[in-house]
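For reference, the structure is listed below as structure tokens.
Each value in this text was obtained by applying a stated rule to the coordinates, not by laboratory testing. Keep in mind that this is a model prediction, so the values were computed, not measured. Methodologically, a virtual Cβ is constructed for each residue, glycine included, from the backbone with ideal geometry; neighbour enumeration extends over all protein chains shown.
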2 protein chains.
Amino acid sequence: MRKTAILGIGQTKVDEHWDKSLREIGGEAAFLAMQDAGVDRVDALYVGNMLSSMVSGQNQLGAFFSDWIGLWQRESVKIEAACGSGAAAFRSALMAVAAGDVESALAVGAEKMTDKAGRDVTAALATAADADYEVEQGVSFVGINALVMRRYMHEFGWKHEDFAPFSINAHANAMHNPFARLHEKVSAEKFEKSSMIATPINLMDASPVGDGAAAVVIVPAEKVLRQPKVVVAASAAATDTIAVHSRKNPLFLNAAYLSSKRAYTMAGVTPDDLDVFELHDAFSIMAALSLEATGFAERGGGVRLGLENQIGVRGKIPICTRGGLKARGHPVGATGVYQIVEVVQQLRGECGATQVEGASVGMAQNIGGSGATVLTHILRRE
Amino acid sequence: MRKTAILGIGQTKVDEHWDKSLREIGGEAAFLAMQDAGVDRVDALYVGNMLSSMVSGQNQLGAFFSDWIGLWQRESVKIEAACGSGAAAFRSALMAVAAGDVESALAVGAEKMTDKAGRDVTAALATAADADYEVEQGVSFVGINALVMRRYMHEFGWKHEDFAPFSINAHANAMHNPFARLHEKVSAEKFEKSSMIATPINLMDASPVGDGAAAVVIVPAEKVLRQPKVVVAASAAATDTIAVHSRKNPLFLNAAYLSSKRAYTMAGVTPDDLDVFELHDAFSIMAALSLEATGFAERGGGVRLGLENQIGVRGKIPICTRGGLKARGHPVGATGVYQIVEVVQQLRGECGATQVEGASVGMAQNIGGSGATVLTHILRRE
């Protein structure tokens, strides 16, 4: 397989874009990525999206966006893996270029979530879980994560306030990201006093939904003249049981462990070599579990990294440097592509106040459902 | 890229499977394909499905089926391109094996359509069309095809009864396919007297929905010992505008033309070399347009092939040899995989009364929406 590189990136602000349709936000991100790449066409398009059939009455987003962007006649499909759809689309685009099937590909993650009532979106998000054995019992997607968080606190003796650093760090970093959904500092006191959603998950533990789109242009690495060159050092995917209750250990993200382990091997790195890690902090508990599954902390110890101030841009492993899902926002099917865009920004040195100094290797990990589909990508500046 | 082959096939009957869930029918097809291939695991799984989020409340079918089939920890995603989802999943599986990323892959097309009321399914199917500019006007998916058929009849002077041979041929062939949804002969009289759905499309012009799943196991061609060996000679995809009204010529399937042209070049064949063609006869008008776009008839002349008796198993180009979408049934996201399974059956010589004698090259063409996403595959017996 050929080595691939990211030639261009584009993103819209994550927001309530009531004045823009799905095609408009997806098109905007795609055009920005192509403009950044300096190309006016690509050979193929891969779209990451989870909810459009339910929220916008629109399926077949491959042809839909090809048409809108003006990539007529080219190949295009949609890839869906719940909240992991974005990275799954990115991986499909990578594969097409790596295999030599196409010379360039565009991966677009796009999601419109605010055009429907909140309860409809909550129901749509629940399709990420097991319809027969989880959702049928009346549990929502946040409810499933709440059960996991409660058990984690019980097993390892953490208090709710111990999770505050994840939220505080994400919000602090988002202050410097113009594309972030929330520009609002969070204090330990505000974290503890926020409205409860599903005990023990409160508003400051949970990432906000939003409308957003992000895009990247992928080409063979040997064709890139632009400096610095950002290459794809590893791409790996793994799955776990779809329902949390089917797992031997509901507190360990086995698919995250497997896909990151494989990615480390492919890239020839260890966790110590990573300068930045855009992880999937859909809920604060997921940030802790992600750090444990990827080898940055022992089991039950993810929370400690936050408490010891190791997750900030000058910490041992900077996470959510552009705000993460918590503050940049979580337009579900687009999130995985936002993460890739943000790692590229770090490796290019474009992050201003939240720039990780000398960042040369970065990882993005996108998770579908409560850990059922996990995709890990490692990018490197060359 | 490596040459790939189909090692195993499996399918369920297309039917109203009210006693079986989506996971059960998909699992059944997957197990049958693995059993037929003589393997008890594969490296990756690609699922084709269009409607499960809306009909079954279930997304993330990659992890969902990996879990159910027991392919834990492996890579798996869902690919969606409306009614072209099945072949799109097959193509993703091909790419993964061809690129050398995996040594074996399973493509499963699965769709559950009969658990909801007909009008809900009609609304869900409309997500294949342009939500903003087609569906907003109140037109259903069959309505869009009816407009195309009416225009075609006007342009080329055909009468409704001239389309009867497509339906008669499909139903006659399905009599010999135990997996077909309908086992019921159609006469010219019955064709003309059927209930009108959307003028001029009546019940005998339209393919029936149904629950169904089909699966294939793909491996590198060099690893196949089984005889006859069925190899993938070509795989090509193209898109067109999502809305019919945006096309220069709404009566020409340009994406079908482009993807079949590319497939012919890849396989080194011409239409004359094909022994069997499983085309996408969602409506009788689509059968005519497909024959024209792929080079079997001049524009406006597709209908003549039926009238001249050239589409039967002993005709110039046998189509829908196992019943086609019209009589085998059209479980939308699964259909593209059924077509592949059926071409394999022809190349293996397993089709009994509808066997095309000495079939050695076969083509399957799967269409998403009203011609927006088209995937063409050519298989060859070696």
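Mean silhouette area of the stretch B:233-382, derived from the convex hull of its C-alpha atoms and averaged over all directions, reads 8.0 nm². Sorting B:VAL142, B:VAL341 from the fewest to the most surrounding beta carbons within 10 angstrom yields B:VAL142, B:VAL341. Taken as Cα centroids, the stretch A:83-120 and the stretch B:1-44 sit 26 Å apart, rounded to the nearest whole angstrom.
For the protein assembly as shown, the Cβ-based charge dipole about the Cα centre amounts to some 860 debye (Lys, Arg positive; Asp, Glu negative; other atoms uncharged). Dividing the Cα radius of gyration of chain A by its Kirkwood radius returns 0.94 for Rg/Rh. So if I take the centroid of the Cα atoms in the stretch A:197-237 and the same for the stretch B:355-382, what is the distance between those two points in Å? Each part's Cα centre sits 37 Å from the other's.
Assuming a ≥ b ≥ c are the square roots of the Cα gyration tensor eigenvalues, decide whether the stretch A:47-90 counts as rounded (a/c under 1.5), prolate (otherwise, with a/b larger than b/c) or oblate. Oblate shape, in that a/c is at least 1.5 and b/c is the bigger or equal ratio. Under 5 Å between amide hydrogens, built in the peptide plane, is the criterion, and for A:VAL77 it picks out A:LEU45, A:VAL47 among residues at least 5 positions away or on other chains.
Convex hull of alpha carbon positions in the stretch B:271-343: directionally averaged projected area 4.5 nm². Taking a spot 7 Å from the Cα of B:TRP18 along the direction of its beta carbon, which residues of the stretch B:120-135 have an amide N less than 20 Å from it? Counting backbone N atoms under 20 Å from the label point, the list is B:120-122.
Taking all C-alpha pairs of the stretch B:112-205, those more than 24 Å from each other amount to 35 percent. The C-alpha atoms of the stretch A:220-312 occupy a region whose extents along the principal axes are 48, 32, 22 Å, arranged from largest to smallest. 3J(HN,Hα) along the stretch A:357-369: 4, x, 4, 10, 9, x, 10, 10, 10, 10, 10, x, x Hz, from the Karplus curve 6.51 cos²θ - 1.76 cosθ + 1.60 with θ = phi - 60°, whole Hz, x for Gly and Pro.
For the stretch A:230-274, the percent of C-alpha pairs falling in each 10 Å distance bin, counted from 0 to the bin holding the largest distance, reads 26, 43, 24, 7. Equivalent ellipsoid of the stretch A:249-299: semi-axes from √(5λ) of the C-alpha gyration tensor, largest first, are 18, 12, 9 Å. By the count of other C-beta atoms within 10 Å, a proxy for reagent exposure, B:THR321, A:THR127 are ordered fewest to most as A:THR127, B:THR321.
Semi-axes of the equivalent ellipsoid for the protein assembly as shown, computed as √(5λ) from the eigenvalues of its C-alpha gyration tensor and ordered from largest down, come to 45, 25, 24 Å.
The lysines within cross-link reach of B:LYS248, meaning a Cα-to-Cα straight distance under 29 Å and a gap of 8 or more places when in the same chain, are A:LYS20, A:LYS78, B:LYS159, B:LYS261, B:LYS326.
Lysines near A:LYS3 by alpha-carbon distance under 17 Å, same-chain residues fewer than 8 away left out - which ones? Of all the lysines, those that pass the test against A:LYS3 - Cα under 17 Å, at least 8 places apart if same chain - are A:LYS223, A:LYS229.
A cut-off of 5 Å between modelled amide H atoms, ignoring neighbours fewer than 5 places along the same chain, links B:GLY100 with B:ARG2. Here the mean projected area of the convex hull built on the C-alpha positions of the stretch A:164-213 is 3.7 nm².
Using only the C-alpha atoms, the convex hull of the stretch A:156-260 corresponds to 186 Å³ per residue.
Just the number, please: Stokes-Einstein D of the stretch B:1-136 in µm²/s, Kirkwood Rh from C-alpha pairs, 4 °C, 1.567 mPa s. Calculated translational D: 83 µm²/s.
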